[in-house]
1. Can you sort 51, 187, 25 so the residue with the fewest Cβ neighbours within 10 Å comes first?
2. Sticking with the crude label model, points 7 Å out along Cα→Cβ, report the distance from residue 47 to residue 176 in nm, one decimal please.
3. Can you give the three extents of the C-alpha atoms in the chain along their principal axes, from longest to shortest, in whole Å?
4. Just name one of 114, 11, 30: the one whose Cα is farthest towards the positive end of the charge dipole of the chain (beta-carbon charges, Lys/Arg +1, Asp/Glu -1).
5. When only Cα pairs under 8 Å and 6 or more residues apart are kept, what is the percent relative contact order across segment 18-113?
6. Please find the FRET efficiency linking residue 164 to residue 184, where r is the Cβ-Cβ separation and R0 is fixed at 25 Å, and quote it to the nearest 0.05.
7. Can you spot the aspartates and glutamates whose alpha carbon is less than 18 Å from residue 25's alpha carbon? Ignore those fewer than 8 places along the same chain.
8. Extension gain residue 69-residue 124, at 0.36 nm per residue separation less the Cα-Cα distance, in nm?
Amino acid sequence: MIRQTVLLFGPPGCGKGTQAKRLEKAMRSPHVSTGDMFRDHLSRRSELGLKIEHIMKSGQLVPDAVTNEMVRDRLLRPDAALGVILDGYPRNVVQARWLDLFLRSRGYGVKVVIVIDVPHGELVERIRGRALKENRADDADPAVIEHRLATYTAQSEPCVGFYRGVGVPVQAVSGIGTPDDVESRIKSALSASPA
Ligand code: ADP
């Protein structure tokens, strides 16, 4: 049984969500996006949604315990048994460690981390453009955008070092170009990583 948990990593606006949806089709593994899951809670006004509303709007991270528990419930669903494409999770080293332990307890780990690189100026432009299309409160405010980008650098980027340290292959791809360009780079990176 091949279990392939692929982690799509990169700053807000780098195109993780777009690429994860494409990979979901190609790999037939479900796309698990913590951002989408939280937005779903917000739109349903669930208990969790009400709790996290101000956190998301201000561009902060939802507390690890809440996030990890939601991810655990998702990964225990039968469709995740053969692995998933993770997008937006883990977002700090505490989450990465937790995921590592959780996956080990299930007998596997992260197969590869794909880091999508996009320069800062381009990220800001993309996130602003997305605000108009998707009506996301956290995309509309320039200060919130900068805060999320700074949080990525301070808290999320160190996950790359964590994965290198535990021997998971990390492949960086450029996120510049059309979604098709980026997809083919990701597919080459995936086929270059050990099975
Ligand atoms: P983006 O990467 O464009 O900022 P996401 O959709 O991945 O957007 O996440 C939106 C928001 O959801 C984040 O700013 C944060 O508040 C929350 N969130 C998503 N994933 C996590 C996570 N793994 N840990 C904590 N908070 C998260």
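1. Neighbour counts put them in this order, fewest first: 25, 51, 187.
2. In this crude label model, residue 47 to residue 176 measures out at 4.9 nm.
3. Answer, in whole Å and largest first: 44, 39, 30 Å.
4. Final value for the positive-end residue is 30.
5. 32
6. After rounding, the FRET efficiency stands at 0.50.
7. Those aspartates and glutamates meeting the cut-off are 36, 79, 87, 180, 181, 183.
8. Value of the extension gain: 16.7 nm.
Only the coordinates and a few stated rules stand behind these numbers; no lab work does. Nothing here was measured: the structure is a model prediction, and the numbers come from that model. With ideal geometry, Cβ positions are generated from the backbone for all residues, glycine too; neighbour counts draw on all protein chains shown.
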